[in-house]
Amino acid sequence: MAAILALARIDNGAPSRSSLELLGGARRLGGGRTDPLCAAVLGPGDAGALYRYGVATVYRADDPLLKDYQADCYLQALVRIAEAAKPRFLLLAGDSVGRDLAARLAFRLGAGIVTDVIDITPDGSGAVPRFTRPAYGGKATAVIVPRTFPVVLTLKPRTFDPAQAAGAGQGQEVRVEVALEPGQARVRLVERAQEQSTGVKLEDARTVISGGRGLGGPEGFTLLTELARVLKGAVGASRAATDAGWVPSSMQVGQTGKTVSPDLYIAVGISGATQHVAGITGAKTIVAINADPEAPIFKVAHLGIVGDYKMILPPVIAKCREALGA
Amino acid sequence: MRIAVCLKQIIDPELPASQFKIDPALKRQQPDGHPLVVSPYDENALEVALKLKAETNGRVAVLSVGEAAAVSALRKGLAMGADEAALISDPVLEGADAFGIGIALARGIQKLGAFDCVLCGCESGDWADRTVGPIVAEVLGFPCVSFVTQVGRHGDRLRLQRVVEDGIEIWEGSPPLALTILSHESNVPRYPKVKDIMAASRKPVPTWSAADLGLEVQQVGRAAFRTEVQELTLPSRESRCEMLNGGPDEQAAALVARLRERKVL
């Protein structure tokens with residue numbers, strides 16, 4: 001039976017959240033059958049923890065050039081691993097690494113590709129899975145079926161439930177030789193600037209308050225930040241706000257930004273372009289505050305307030321403080 | 001420096017969802033005479049290219065795969081400041097997948113000459129597969145950096161700013177390079193001037209068929225599809241929004257009460 005191969009990342013001995021989401025999604029691929037689940041691990045680090053999540057084989061390529069992400073080196077290693085594992089499906093996280101690699105990997109393997117997968121369902125016979133993904137910025141939903149194998153898949157972050165550890169777990173590690181030369185890395189990372197994260201990470205926050213064009217300028221985010229502090233949430237933004245330079249790109253929620261699935265999402269001054277809505281479909285309660293009663297955001301919101309956010313947010317902040325005794 | 005930018009013409013993605021209709025046979029959006037635009041990130045890519053052109057005294061070419069109407073996307077590119085344009089148009093390529101489009105664009109770029117940089121939007125405004133740019137890079141044998149917002153010359157190398165989850169990364173590489181471009185305050189597309197629009201309308205734009213590029217139908221047509229769209233449906237869109245009315249204080253009180261009921265506060 002053909003294998004399922006997921007590119008896993010190990011942080012301090014534990015599989016990353018996105019890796020566990022891949023392993024969670026992988027379980028849906030076999031249509032009830034149990035295809036052997038394999039993980040590709042690049043670089044150093046103890047991958048033993050993966051066995052507890054149902055991984056039977058870890059394919060590891062280790063080389064000093066794989067310590068940090070570099071596309072040319074990662075691609076060579078993944079092609080070697082795919083040759084060894086002969087997977088039917090290759091799963092990558094829909095993050096800055098997986099999105100960077102997926103299409104190039106598919107090209108090199110002669111594989112099909114489906115990106116941004118949000119659901120996996122077996123077909124009638126249970127043999128070939130169907131992949132659901134958003135299309136047209138979330139205005140439509142597409143079901144894609146593979147016509148050839150292997151297929152490279154990227155899973156939309158925060159969409160699949162992470163795999164749960166079960167028992168001690170046993171597996172084997174297969175080492176794959178890659179023989180990388182420094183000259184093969186054709187682009188080089190020279191600097192990484194992490195944005196100072198104050199408080200909760202946007203992707204992990206149970207409450208997210210986002211601002212858009214309707215805030216009228218960067219100063220509008222002060223009120224949002226205050227509300228976020230009271231609700232112990234994180235602040236996000238629409239593309240309009242990040243493109244205007246009001247807040248950093250890392251705060252963008254939406255199709256090209258981050259996918260969030262908080263319990264509470266408050267959209268302030270956000271019109272609700274499909275590009276933005278695509279990033280919040282997993283939110284359980286959506287509140288929209290907007291001056292324009294016709295704004296499309298009210299179509300996806302559960303609770304709506306039409307008005308000037310500068311008038312509405314101060315009493316909201318005060319009442320939340322009161323309610324939470326904060 | 002010679003820079004090629006791939007442009008895709010799409011139905012205006014900003015149209016409201018109420019005007020969005022699906023062609024059930026072709027499993028794509030019904031054109032319905034809606035305005036056609038250059039896919040948003042592709043315009044950001046062109047803006048980055050034009051800045052790099054100014055910095056390096058370079059030349060910019062724009063290419064598109066599409067129907068005859070896509071020539072207007074190329075003319076917009078010319079009006080914004082591109083120097084040359086070429087349209088790749090062939091019934092064989094209609095509905096081609098990302099691999100077919102990527103191969104066709106790469107062949108078109110090769111036909112135009114040798115390039116130092118190939119830029120694409122990071123995703124299209126319709127299907128957003130994020131595949132064509134990297135595939136063009138692979139066909140050309142170029143390294144590829146995705147989600148780049150700014151490009152500048154740094155000695156004989158290019159210095160790239162790339163957006164990742166928790167911040168930005170600076171990458172460097174020597175040409176040739178392929179990049180996919182993300183929107184940013186630094187690459188807001190310029191508005192073409194009226195006189196440039198007029199001049200662009202008179203520039204020749206060659207149209208190439210698949211055969212002109214040496215492409216075989218089994219390489220790029222339906223037979224080459226590795227995946228297939230089986231269904232395209234509209235998500236259910238019942239408005240379920242409860243509007244909270246009154247003055248700001250009443251609205252705030254109602255909101256807090258509802259959030260408590262929903263146990264999210």
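The values are calculated or read from the model by the stated rules, or taken from the named source; none is laboratory data. None of these values were measured; they are calculated from a predicted model. No Cβ is skipped: glycine too gets one built from the backbone with ideal geometry, and neighbour counts run over all protein chains shown.
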Item to check | Sole exception among (1) touching a residue at least 40 places away in the same chain (Cβ under 8 Å); (2) more than 9 Å from chain A (Cβ to nearest Cβ); (3) not hydrophobic (A, V, I, L, M, F, W, C) for B:Arg202, by number | outcome: (1)
Next on the checklist: Looking only at strands (runs of 3 or more DSSP E) that lie completely in region A:163-222, which have at least 2 residues being closer than 20 Å to A:Ala244 by Cβ and of a type in the set (A, V, I, L, M, F, W, C)?
Outcome noted: A:207-211
Next on the checklist: Filter region A:74-96 down to the residues that are out of contact with any strand residue (DSSP E or B) (no Cβ under 8 Å at 6 or more places or on another chain), more than 11 Å from every other protein chain (Cβ to nearest Cβ) and touching a residue at least 24 places away in the same chain (Cβ under 8 Å) and list them by number.
Outcome noted: A:Gln76, A:Val79
Item to check | Hits in region B:223-265 - residues which are assigned to a helix (DSSP H, G or I), at the interface with chain A (Cβ under 7 Å from one of its Cβ atoms) and either surrounded by fewer than 15 Cβ atoms within 10 Å (Cβ to Cβ) or at pLDDT below 90 (or both) | outcome: B:Arg260
Next on the checklist: I'd like to verify a number: residues in region B:146-195 that are more than 21 Å from A:Gly257 (Cα to Cα) and of a type outside the set (Phe, Trp, Tyr), how many?
Outcome noted: 20
Item to check | Every residue from region A:278-326 that is free of Cβ contacts under 8 Å to residues at least 24 places away in the same chain, buried (at least 18 other Cβ atoms within 10 Å of the Cβ) and more than 8 Å from chain B (Cβ to nearest Cβ) | outcome: A:Ile286
Checklist entry - Taking the condition of a type outside the set (D, E, K, R), within 27 Å of B:Gly125 (Cα to Cα) and free of Cβ contacts under 8 Å to residues at least 12 places away in the same chain, does A:Phe107 pass? => result yes
Checklist outcome for this item: Note on region B:103-131: residues at the interface with chain A (Cβ under 8 Å from one of its Cβ atoms) and either in contact with a Gly (Cβ under 9 Å, 6 or more places away or on another chain) or touching a residue at least 12 places away in the same chain (Cβ under 8 Å) (or both) are B:Cys122, B:Glu123, B:Gly125, B:Asp126, B:Ala128, B:Asp129, B:Arg130, B:Thr131
Checklist entry - Restricting attention to region B:193-216, does a residue exist that is touching a Lys or Arg at 6+ places or on another chain (Cβ under 6 Å) and more than 25 Å from B:Ser64 (Cα to Cα)? => result no
Item to check | Matching strands (runs of 3 or more DSSP E) fully within region A:103-161 where at least 3 residues are under 27 Å from B:Gln9 (Cβ atoms) | outcome: A:112-117, A:129-135, A:140-146
Checklist entry - Any residue in region B:187-199 that is under 16 Å from B:Ala86 (Cβ atoms) and either out of contact with any strand residue (DSSP E or B) (no Cβ under 8 Å at 6 or more places or on another chain) or surrounded by fewer than 16 Cβ atoms within 10 Å (Cβ to Cβ) (or both)? => result no
Next on the checklist: Go through (1) farther than 22 Å from B:Gln150 by Cβ; (2) within 13 Å of chain B (Cβ to nearest Cβ); (3) of a type in the set (Ser, Thr, Tyr) for A:Ser210 and report which single condition fails.
Outcome noted: (2)
Checklist entry - Considering region A:223-265 alone, what residues qualify as being more than 9 Å from chain B (Cβ to nearest Cβ), hydrophobic (A, V, I, L, M, F, W, C) and in a strand (DSSP E or B)? => result A:Ala234, A:Val235, A:Ala237, A:Val253
Checklist entry - Of the conditions (1) of a type outside the set (Lys, Arg); (2) under 20 Å from the mean Cα position of the chain (by Cα); (3) surrounded by 13 or more Cβ atoms within 10 Å (Cβ to Cβ), A:Gln194 fails just one. Which one is it? => result (3)
Checklist entry - Out of curiosity, is A:Ala47 surrounded by 24 or more Cβ atoms within 10 Å (Cβ to Cβ), more than 12 Å from every other protein chain (Cβ to nearest Cβ) and closer than 27 Å to A:Ala166 by Cβ? => result no
Checklist entry - Among the numbered criteria (1) more than 21 Å from A:Ala71 (Cα to Cα); (2) facing chain A (nearest Cβ under 8 Å); (3) of a type outside the set (S, T, N, Q), which single criterion is violated by B:Ile197? => result (2)
Checklist entry - Of all residues in region A:266-277, which are more than 10 Å from chain B (Cβ to nearest Cβ), β-branched (Val, Ile, Thr) and not in a loop (DSSP other than H, G, I, E, B)? => result A:Val268
Next on the checklist: Being out of contact with any Pro (no Cβ under 6 Å at 6 or more places or on another chain) and either more than 30 Å from B:Leu52 (Cβ to Cβ) or more than 7 Å from every other protein chain (Cβ to nearest Cβ) (or both) is the requirement here; does B:Ser183 meet it?
Outcome noted: no
Item to check | Yes/no for A:Ala14 being touching a Cys at 6+ places or on another chain (Cβ under 6 Å) and at pLDDT below 95 | outcome: no
Checklist outcome for this item: So the strands (runs of 3 or more DSSP E) completely within region A:1-93 holding 2 or more residues that are in contact with a Lys or Arg (Cβ under 9 Å, 6 or more places away or on another chain) and over 22 Å from B:Thr227 (Cβ atoms) are A:37-42, A:57-61
Checklist outcome for this item: Exactly one of B:Ala73, B:Ala82 is in contact with a strand residue (DSSP E or B) (Cβ under 7 Å, 6 or more places away or on another chain), more than 14 Å from chain A (Cβ to nearest Cβ) and farther than 30 Å from B:Gly155 by Cα, and that one is B:Ala73
Checklist entry - Among (1) in a helix (DSSP H, G or I); (2) closer than 30 Å to A:Ala241 by Cβ; (3) among the hydroxyl-bearing types (Ser, Thr, Tyr), where does B:Ser201 come up short? => result (2)
Checklist entry - Picking from A:Val128, A:Val145, A:Val117, which residue would you name as being more than 7 Å from every other protein chain (Cβ to nearest Cβ) and over 22 Å from B:Glu165 (Cβ atoms)? => result A:Val128
Checklist entry - Mind checking which residues of region B:151-161 are more than 8 Å from chain A (Cβ to nearest Cβ) and either part of a strand (DSSP E or B) or crowded, with 21+ Cβ neighbours inside 10 Å (or both)? => result B:Val151, B:Gly152, B:Arg153, B:His154, B:Arg157, B:Leu158, B:Gln161
